[in-house]
Each structure stands twice: as structure tokens, then as C-alpha cells.
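Please read the structure below before turning to the comments.
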Amino acid sequence: MSSDFETYEQDFGTITAEVTNKIGRIPKLSGEEKTQLVLNVDKQLEEVRELLEQMDLEVREIPIQSRAMYNSRLKSYKQEMEKLEKDFKRSRIAYSDEVRNELLGDDASSSENQRAHLLDNTEKLERSSRRLEAGYQIAVETEQVGQEILANLHTDREKIQRARERLRETDANLGKSSRILTGMLRR
């Protein structure tokens, strides 16, 4: 099984090296050639995603003793994939900025500042989304704990009510017994 994983690793390394090379060339090209290269990189990134899915499936089949090592390798590959996607996105943004600057005649520093500001805002938005998601998870877990507590309290209440009813019956029986004994003593 690990041989399949290692084969996927080799494929991953080969494709990501090609993608990195092509991403570096995107800003230097123009016209149809650039468009074709962007489409090609997008297709290869999809192949890398599929490879990662296959690796994930292989890791699940590996015995538990050695699974941790493969999980950490898979995690690093996923991080590398995220980095590639960010680089690809930035190279495409740079391309669109160049086209816009050619059309509008803007200076490069203003465009670069706007792009940096946009990237910062995007990262802040992603962090906020992750925080909201974590808060939602906590709320769901808290709700589940609350439901369990309510169920336990309901069960405890029923037990107390049954015990109280038995106590009343016992009290009534003791009262009867006391009256009978008192009657017997009088006779």
C-alpha cells in the first residue's frame, strides 16, 4: 500500500514542479499564449487535487502504527498545494493588473498597493470565516451537552417523583399499622 502512496508522491513532485515553473512564466507572457498557459496550469492543479485525494484514501488503508507518518507527509503536501494555488492566483492577479494598467495607464505602485490591500483583506476575511466556523462548532457542541444535561435532569426528576410516591405509600402504610396497633393495645 505504501508503494502506491510513494508513486503518488513522485507524481505529485513532478506535477508541482511543472506547475511552479509555469506559474513563474505566466506574468512574462501575453495574449493567447498566456491564456493557454493559465488553462494548462489550472488543469494540472486539478490533477494535483485528485492525487491528494488518492493519497488520502491510501493513508486510510495503511495500518495504524505507520499512519501518523503518512498523515504528516500528506498534510505537508496539502500545504504545498495551498501555496501553489495562492501563487497561481497572484500570478493571475498580476496578469489582470498588467492588462488594466495598459488600458488605463495607471502607475504600477498604486496598483501594487491596491493588490496588497486586497490580498490582506481576503486573508482577514478567511481568518474571520474560520473563527466564525469554530464558534459555530462550539455552539453546536454546547447545545448537545445542554440537551444531554436536560435529559439527565428529566430522568432524575422522574426518579425523585417515584421515590416520593413510594415514601407517601410507606407513610400511609405506617399510619395504618399505627392505627391497627393502637386498636390492638386498647383491646
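The values are calculated or read from the model by the stated rules, or taken from the named source; none is laboratory data. None of the values given here were measured: they were computed from a predicted structure. Every residue, glycine among them, receives a Cβ derived from its backbone with ideal geometry; neighbour counts consider all protein chains shown. Side chains are part of the model used for accessible areas, which takes the heavy atoms of the whole protein and leaves out ligands, DNA and RNA. Shrake-Rupley method; radii C 1.70, N 1.55, O 1.52, S 1.80 Å.
Over the chain, with the other protein chains present, what is the accessible area per residue in square angstrom, probe 1.4 angstrom? Don't jump to the answer; show the numbers that get you there.
Numbers: 14170 Å² over 187 residues.
Solvent-accessible surface per residue comes out at 76 Å².
Computed over the Cα atoms of the range 1-46, what is the ratio Rg over Rh, Rh following Kirkwood? Can you show the working numbers first?
Details: Rg = 13.4 Å, Rh = 11.6 Å.
Answer for the range 1-46: 1.15.
For Leu185, project a label point 7 Å along Cα to C-beta. Then give me every residue of the range 128-172 with its amide nitrogen under 20 Å of that point.
Backbone N within reach: 171-172.
Averaging over all projection directions, find the projected area of the Cα convex hull of the range 109-186 and quote it in nm² with one decimal place. Don't skip to the end; give the middle numbers.
Details: hull surface 26.1 nm².
Convex hull of Cα atoms, orientation-averaged projection: 6.5 nm².
Please list, short to long, the whole-number percent of alpha-carbon pairs of the chain in consecutive 10 angstrom bins beginning at zero.
With a bin width of 10 Å, the distribution comes to 7, 18, 18, 16, 10, 7, 6, 5, 5, 4, 2, 1, 0.
If you project the alpha carbons of the range 3-105 onto the principal axes, what extent comes out on each, in Å, largest first?
So the three principal-axis extents are 61, 18, 16 Å.
Rank by packing, highest mean first: peptides 44-57, 65-78, with packing defined as the count of other Cβ atoms within 10 Å averaged across residues.
On the way: 44-57: 15.4, 65-78: 13.6.
Those peptides, ordered most packed to least, come out 44-57, 65-78.
So, by mean Cβ neighbours within 10 angstrom, what's the order for 167-175, 27-35 with the highest one leading? All intermediate terms of the calculation are to be shown ahead of the outcome.
Details: 167-175: 10.0, 27-35: 12.4.
Put in order of decreasing packing, that is 27-35, 167-175.
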